[in-house]
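Trainee: To start, I am sharing the structure in question, which I have written as structure tokens.
The values are calculated or read from the model by the stated rules, or taken from the named source; none is laboratory data. No experiment lies behind these values; they were computed from the predicted model shown. A quick note on method: Cβ atoms are made from the backbone with ideal geometry, for glycine too, and the neighbour counts reach across all protein chains shown. All accessible areas refer to the heavy atoms of the entire protein, side chains included, with ligands and DNA or RNA removed. Shrake-Rupley method; radii C 1.70, N 1.55, O 1.52, S 1.80 Å.
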Amino acid sequence: TVALNLFHQIVLYLAPILPRLAAEGRELLGATAAPSWGEAAVPLGAREVGKFSALLTRVDPERVAAVLAASTD
């Protein structure tokens, strides 16, 4: 529960910078309303957490190298 509440706070703070990630994180946590700063002070409480889906993927070093090589040509 503590970890989910901390994740919820991180999602709230990242919403202006990474709106898609924040929206997907809020959906995972079952939050339906638009995010507000006041939510950071209120724990989530008893909620059902959605089915896991990866919010971010790892950076593939080979793809990064290919992009850099293509940009120098």
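Trainee: DSSP loop trypsin sites (Lys or Arg not before Pro) in the chain with at most 14 other Cβ atoms within 10 Å of their Cβ, which ones?
Mentor: Taking the chain and a limit of 14 other Cβ atoms within 10 Å, the loop trypsin sites (Lys or Arg not before Pro) found are 47, 51, 58.
Trainee: Also: Compare 10, 17 by solvent-accessible area with a 1.4 Å probe and give them largest first, with all protein chains kept in place.
Mentor: My answer, sorted largest first, is 17, 10.
Trainee: Full extension from residue 44 to residue 70: what is 0.36 nm times the residue separation minus their Cα-Cα distance, to one decimal in nm?
Mentor: 4.8 nm
Trainee: Still on this structure: Using just the C-alpha positions of the chain as equal point scatterers, what log10 of I(q)/I(0) does the Debye formula give at each q in 0.14, 0.21, 0.26 1/Å?
Mentor: The Cα Debye sum returns log10 ratios of -0.54, -0.87, -1.23.
Trainee: Less than 13 Å Cβ to Cβ from residue 4, Lys/Arg counted +1 and Asp/Glu -1: what total charge do the surrounding residues give?
Mentor: Neighbourhood net charge equals +1.
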